[in-house]
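Student: Okay, handing you the structure first.
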Amino acid sequence: MVMKDNKSQALKQLGIVFLAIIVINLISNFFFKRFDLTQDKRYTLSETTLNIVKEVDSPLYIEVYLEGNFPPEFKRLQNETKQLLEEFTAYNSNIIFNFKNPIEKEETRVEKMKEFYAKGMQPLSITVEDKGKQSQEVVFPWAQATYGDKYAKIGLLKNLMGASTEQKVISSVQHLEFGFAEAINKISKEKQKKIAVIKGNGELQDAFIADFVRSTRESYYIGTFTLDSVSKQPTQTLEALKKYDLAVIAKPTEAFTEAEKQVLDQFIMNGGKTLWLLDVVKADMDSLYNETGTILAADRELNLTDMFFKYGIRINPLLVKDEYATPIKLASGNQGSETQMQEYTWKFSPFIYPTSTNPIVKNMEGIKFEFASPIEILKKDIKKTVLLSSSEYSKTVGTPSPISLDMVTEETTPEEYEGKGLLPVAVLMEGKFNSMYKNRVLPFKDNTFQASGKDNKMIVISDGDVIKNQLDKGVPLELGFDKWTNQLYGNKDFLMNCVNYLLDDNGLINIRSKDVDLPLLNKEEVYKNYSLAQLITVGLPIVILAIFGFLFTYLRKRKYSK
C-alpha cells in the first residue's frame, strides 16, 4: 500500500513538472529574456548594437577564421567571439555565423593565403608552447561579414606593439562588440552622410589618401571638393559645400585666402563638421632622404592662425621630439655588399598610445606621427578634449631648425624632458563656435552670414601625415602600414573613429567605452605548479562528484530501506 502511494505521489510530481515545463515554454514564446551573470556585463549588448542587429531583415553571414591550433589566449578570444555572436543570433536569426580554418587543407593553403593578403587580412605567425615544446602556427584573426553583395572585414586581434599576447587579447575582447556592430551597420544600412575632401591649397594627392577614401566610402558618400571657384563664385561655392556633412582638410601646403576661410567658417557655423590634419612646419621624411640627409624645418604659413584662435586653439610652429617614437631603417656600414639596413628610433616620429577615455581613442593601439606640432589650448567657451598627447619624455624643437638623419645617434637624459612632455597633438572641440568674421568686414558679401553657429564639433590633428598611406610601386598600401619596418599602426582605426564620431547619429562610437575585465591564467605559475594545477582542475571535480554520488546513494538507500 505504501509503495502504491509513493508511486502515485511520484507520478503526480512528474506530471506537475511536465506541465510546468509546457507552461514555461508557452510563456517564453511571448517573452524573451537573457540573463548576463558576468560582473562586467560583457554579454549584455548595448542599445545601439541591439538596434543594428534587430534591423537586419535578410540573411547576414559571418565567417570567423579564428580556428586551428593555437595557445589558450587565442582560445579565449575564440570563445568570447563565439559567445558574442550567439548573443547576436539570439536576437535575430537572420545573423548566421560559422567558424572555420581557411588553411586547413594543404593543397589550397598557398592560394588561400594569397586571397587573404589581397583582402588586407594579414595572417599572424604565433608560437605554440606545450610542456616546454614550441611550434610555429599560422592563424588568421579575422572575420568577414557578408550581406547580399556587400562584405566587411573585422579584425579580431588588436596590434599593440610591445604588449604581451594576454594584453592584446584583453584589448581585442573589448573591441569585439564595436567591431562586429560597425561591420553589420556598414553593410546593412544605406549610405546617408556626405564627406567632402577639400582640395585647392596643395593638399595630399589622391594616391596618398586612397586607403582612407576607400575605407570611408564603405559607409559614406565621399568626393573631392575644390575651393578654386571661391575667387569667382564664393557664394555658390559656399552653398554647394553646405550640402556636405563633413569636410576633411588633409595636409594643405598653400595659404588659404580670406574668402576661402569665410567659406569654411560659414560651413562650420551652419553645422558642418570638420576634420583638420595640418602641418604648420615644413618638414617631410621624403625630403630628408637626400644626399646630405638634412633639411631645414621652417614655419609653413597657412593663414589659419586667427581662425583657430577664434575657435579656441593655437597650433604652434614647433616640432615635437619624443623618446617614445617609431623606428626607421637606415643604411649602415660601407657602401656595396657590406651595406646593411639597421633600425633606429626616429624621435621626430612620435608613437602615441592614447590615454584618454574618449570613445574615439579608448583602448586603441598606437598611432604613428611624423613631424607633429604641439597644440595650445586657449581659454574659450568651447569644450576641448585632448585625444592624443606625446609621451612624458618629449619636448619641442623651435623653427627654423636643421633636422638631420644623424640625430638618430643622439644620446639624451630624462632631465632634458622634465616638465616639457605631454604635448597635445590631436584635440576634439565641441560646442557653439563663434565666427572669426564676427564684427569684422567680410571678404565677400553673404546675405546668409551667421556670426554664431549651431552645436557643432571638429577635430584638429597637428600632423597631416597621419592620414597619408605609403605607396609600393605606385599602389597605395593600407593606411598605417610602414613597408620599411613591416609595422602596422593604428592610424586607420583612429581616423575612422574620428569620422564616425563626427558623423555618428546612432551612438555606434559609444560602444568603444565598454570595459571588459578578462581574467587570464598566469602560464608561468601554471607550469611551475603543473601537478597541483592538474590536481585542482581535473582531480578535484572528480572527487567532488564522487562525494556527492556517495552521499546521494547513501541517503537514497537509507530513505527507501525503511
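Student: How do the pairs read when you match residues in region 213-241 that are free of Cβ contacts under 8 Å to residues at least 12 places away in the same chain with residues anywhere that are open to solvent by less than 30 Å² (accessible area, probe 1.4 Å) and part of a helix (DSSP H, G or I), using Cβ under 8 Å and keeping only pairs 6 or more apart or on different chains?
Tutor: Pairs that qualify, where the first residue is free of Cβ contacts under 8 Å to residues at least 12 places away in the same chain and the partner is open to solvent by less than 30 Å² (accessible area, probe 1.4 Å) and part of a helix (DSSP H, G or I), are S229/T237.
Student: Just one of the numbered conditions (1) touching a Pro at 6+ places or on another chain (Cβ under 8 Å); (2) modelled with pLDDT under 80 is not true of A118; which one?
Tutor: Condition not satisfied by A118: (1).
Student: Still on this model: Can you name the condition, by its number, that E260 falls short on among (1) under 25 Å from M496 (Cβ atoms); (2) not in a strand (DSSP E or B)?
Tutor: Going through the list (1) under 25 Å from M496 (Cβ atoms); (2) not in a strand (DSSP E or B), E260 breaks only (1).
Student: Right, another one. Taking region 105-120, which residues are assigned to a helix (DSSP H, G or I) and over 19 Å from L488 (Cα atoms)?
Tutor: Narrowing region 105-120 to residues assigned to a helix (DSSP H, G or I): 106-118.
Passing the criteria: E106, E107, T108, R109, V110, E111, K112, E115.
Student: Ok, one more. Please return the ranges of helices (runs of 4 or more DSSP H) entirely within region 457-562 where 2 or more residues are modelled with pLDDT of 90 or more and surrounded by 10 or more Cβ atoms within 10 Å (Cβ to Cβ). Write out each step before concluding.
Tutor: Numbers: elements: 491-503, 523-528, 530-534, 540-560.
Per the criteria, 491-503.
Student: From the set of residues in region 343-400 that are part of a loop (DSSP other than H, G, I, E, B) and among the hydrophobic types (A, V, I, L, M, F, W, C), which is modelled with the lowest pLDDT?
Tutor: Filtering region 343-400 for residues part of a loop (DSSP other than H, G, I, E, B) gives 353-366, 369-374, 378-382, 390-393, 398-400.
Among the residues that remain, those that are also among the hydrophobic types (A, V, I, L, M, F, W, C) are: 360-361, 364, 369, 371-372, 378, 382.
Details: I360: 91, V361: 90, M364: 83, F369: 97, F371: 95, A372: 96, L378: 92, I382: 91.
Ranking the qualifying residues of region 343-400, first place goes to M364.
One line per residue, one yes/no per condition, for (1) open to solvent by 10 Å² or more (accessible area, probe 1.4 Å); (2) of a type in the set (A, V, I, L, M, F, W, C); (3) closer than 19 Å to N447 by Cβ; (4) part of a loop (DSSP other than H, G, I, E, B):
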position	(1), (2), (3), (4)
L238	no, yes, yes, no
T253	yes, no, no, yes
Q266	no, no, yes, no
D279	no, no, no, yes
E301	yes, no, no, yes
D306	yes, no, no, no
F309	yes, yes, no, no
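Student: For region 305-325, name all the residues that are among the charged types (D, E, K, R) and farther than 29 Å from P402 by Cβ. Show your work before the answer.
Tutor: First, the residues of region 305-325 that are among the charged types (D, E, K, R): 306, 310, 314, 321-323.
Those that are among the charged types (D, E, K, R) and farther than 29 Å from P402 by Cβ: D306, K310.
Student: Out of all the residues in region 319-332, is one or more open to solvent by 30 Å² or more (accessible area, probe 1.4 Å), in a strand (DSSP E or B), free of Cβ contacts under 8 Å to residues at least 40 places away in the same chain and over 26 Å from L508 (Cβ atoms)? Give the steps one after another, and end with the answer.
Tutor: Let us first name the residues in region 319-332 that are open to solvent by 30 Å² or more (accessible area, probe 1.4 Å), namely 323-324, 329, 331.
Add one more test, that the residue is in a strand (DSSP E or B), and what stays is 329, 331.
Imposing the further condition that a residue be free of Cβ contacts under 8 Å to residues at least 40 places away in the same chain reduces the set to 331.
Next cut, over 26 Å from L508 (Cβ atoms) only: 331.
Scanning region 319-332 turns up at least one residue that is open to solvent by 30 Å² or more (accessible area, probe 1.4 Å), in a strand (DSSP E or B), free of Cβ contacts under 8 Å to residues at least 40 places away in the same chain and over 26 Å from L508 (Cβ atoms).
Student: While we're here: Count, please, the residues in region 59-78 that happen to be farther than 16 Å from I154 by Cα and open to solvent by 40 Å² or more (accessible area, probe 1.4 Å).
Tutor: Residues that pass the stated criteria total 5.
Student: So which residues in region 87-98 are within 27 Å of K112 (Cα to Cα) and either open to solvent by less than 30 Å² (accessible area, probe 1.4 Å) or in a helix (DSSP H, G or I) (or both), if there are any at all?
Tutor: I95
Student: Among V230, V248, which is outside any helix (DSSP H, G or I) and either at positive phi or open to solvent by less than 10 Å² (accessible area, probe 1.4 Å) (or both)? Break it down stepwise before answering.
Tutor: Details: V230 fails: outside any helix (DSSP H, G or I).
Criteria check complete, one pass: V248.
Student: Report yes if A196 is in a helix (DSSP H, G or I) and out of contact with any His (no Cβ under 7 Å at 6 or more places or on another chain), otherwise no. If you could, list the steps in order and put the result at the bottom.
Tutor: Details: in a helix (DSSP H, G or I): no; out of contact with any His (no Cβ under 7 Å at 6 or more places or on another chain): yes.
Answer is no for this residue.
The values are calculated or read from the model by the stated rules, or taken from the named source; none is laboratory data. Just so it is clear, the model here is predicted, and its values are computed rather than measured. Counting neighbours? That spans all protein chains shown, and the Cβs are built from the backbone with ideal geometry, glycine included. Ligands, DNA and RNA are stripped out before the accessible areas are found, and what is left, the full protein with its side chains, is counted by its heavy atoms. Shrake-Rupley method; radii C 1.70, N 1.55, O 1.52, S 1.80 Å.
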